[in-house]
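K.L.:
Have a look at the structure that comes next, please.
The values are calculated or read from the model by the stated rules, or taken from the named source; none is laboratory data. Please read all numbers here as calculations on a predicted model, not as lab measurements. For neighbour counting, all protein chains shown are included, and Cβ atoms are generated from backbone atoms with ideal geometry for every residue, glycine included. Calculation scope for accessible area: heavy atoms of the full protein, side chains included, ligands and nucleic acids excluded. Shrake-Rupley method; radii C 1.70, N 1.55, O 1.52, S 1.80 Å.
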Amino acid sequence: MTVGIIGSGTMGSGIAQVAATAGCSVKVYDTSQEALTTSEDKLNEVLLRLIEKERIDDAEKNRIQGNISYVASIQDLADADLTIEAIIENLEVKQKVFRELEACQTKDAIIASNTSSLSIASIASALENPERVIGIHFFNPAPLMPLVEIIPAVQTSTTVKEKVVKIISDWKKVGVLAKDTPGFIVNRVARPFYGEALRIYEEGKADIPTIDNALKELGGFRMGPFELMDFIGHDVNYTVTETVFKEFYYDPRYKPSFTQKRLKEAGYLGRKTGNGFYDYKDGKIDKSRHPELDSGSHQDNLSQQILDRILVMLINEAADALFLNIATAKDIDLAMTKGVNYPKGLLTWANEKGMDWCVKKMDSLYNEYHEDRYRCSPLLRKMDKEGDRF
Ligand code: NAI
């Protein structure tokens, strides 16, 4: 199979590596010659590192590189059976590129976008044959993260959907199907991990390391919310939150935080600028600016309260995604464990905690704040009443 990749930045380069490793003939196109050269050089470095770690041998490196060519014109992608676009996040630019591509390809070629925040329907609408368009959303770094969200638009044909599900599985990735709605699965369901942590901090209930440690030590998350926001970068993470908030017609559940907005405005973007919620020296976290609260029994209790509050908000979001048929229960759990390394699927977690626990916690938050942000999903309430499990 021939695969075209448009955009040879972070995502395009990673996706090209995945497809080439799976044995596809891959053609990578970018408007910037420099980006193409960088992509080729970086792949070489990545593969050399894999040889060092004895994950692949020289022959495998040559095979992967031999499967990829770098092309300077979009017309060179004319014979691609599937093309995945990973260029800047701008609807007009994407639509223009899709039209150029459609003009040089046959009707049955599949055209996909790796967009994180635009609707697939809006991108597809630019084409004469929009039924060939679908969303294929990888996670960064694409060669390492198993999850791929597959997003059929209203226009997408069943044949295209089925073909893409098979291709993603052939590429040894975990494909999940998601409705064409803001944030798809992961970027929607994960919002409270950041938002509720920020809210707890803003209310002065706990300091930053205490919140991070609660999620890591009691919750089993690999990184705390503040460490993770610093890692992702406040420009990127804040923008995702703001986009999801706007796209959901300003649903208060997704309201962004001033604390994070100020960091973004100040240019304190996290790890990449050396400062964010924490300071970073030589790329390492320096927590001296944030001495932790005293430890002790009060502290244990506080940590449990923090974890419970963030966890129940995550569970509520996952339950609501299921309630609104964004994806199946199985895919919602797979998305969070395979796309963002959660220690457990959120719906599985809800089963363990019990529906009554989830409903009581949500109702107690609602009673405290009287904000729509804390409304309990009707699905959790119904399941609690009926003694049901996910
Ligand atoms: P990037 O900035 O690393 O790379 C974009 C590349 O596209 C650049 O090399 C640029 O020269 C090229 N480009 C720009 N306009 C072009 C055009 N008209 N024709 C051909 N090439 C063009 O961006 P990144 O991070 O790889 O993101 C790409 C897409 O993937 C975006 O839609 C983004 O929302 C999405 N995405 C990003 C993730 C991330 O963590 N970075 C995760 C999942 C999706």
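K.L.:
With both bridge residues required to lie in the stretch 2-177, what share of the DSSP beta bridges run antiparallel, to the nearest 5%?
P.N.:
Restricted to the stretch 2-177, the bridges split so that about 15 percent are antiparallel.
K.L.:
Computed over the Cα atoms, what is the radius of gyration of the chain divided by 2.2 N^0.38 Å, N being its residue count?
P.N.:
1.04
K.L.:
Ok, one more. Heavy atoms only, probe 1.4 Å: what % of the accessible area of the stretch 2-177 goes to carbon and sulfur, would you let me know?
P.N.:
So the carbon and sulfur contribution to the accessible surface is 51 percent.
K.L.:
THR31 to ASP372: FRET efficiency via 1/(1 + (r/R0)^6), r the Cβ-Cβ distance, R0 45 Å, to the nearest 0.05?
P.N.:
0.55
K.L.:
Over 20 Å, how big is the tail of the calculated P(r) for the stretch 187-390, in percent of all Cα pairs?
P.N.:
Result for the distance tail: 57 percent.
K.L.:
Moving to a separate point now. When the gyration tensor of the stretch 199-294 is built from Cα positions, what are the square roots of 5 times its three eigenvalues, in whole Å, from largest to smallest?
P.N.:
23, 17, 12
K.L.:
Right, something else. Out of all DSSP beta bridges in the chain, what portion is antiparallel? Express it as a percent rounded to 5.
P.N.:
Among the beta bridges of the chain, antiparallel pairing accounts for roughly 30 percent.
K.L.:
Follow-up question, since we're still on this one. Among 18-31, 168-181, how do they line up by average Cβ neighbours within 10 Å per residue, starting with the highest?
P.N.:
The peptides rank, most packed first, as 18-31, 168-181.
K.L.:
Choose one answer from ILE88, ILE310, ILE136: the residue with the largest mean-square fluctuation in a GNM of the chain with alpha-carbon springs under 10 Å.
P.N.:
Most flexible of the set in this elastic network: ILE88.
K.L.:
Can you give the accessible area per residue of the stretch 187-390, in Å², using a 1.4 Å probe?
P.N.:
47 Å²
K.L.:
What is the spread of the Cα atoms of the stretch 2-177 along each of their three principal axes, largest first, in whole Å?
P.N.:
Principal-axis extents of the stretch 2-177 (Cα, largest first): 47, 33, 27 Å.
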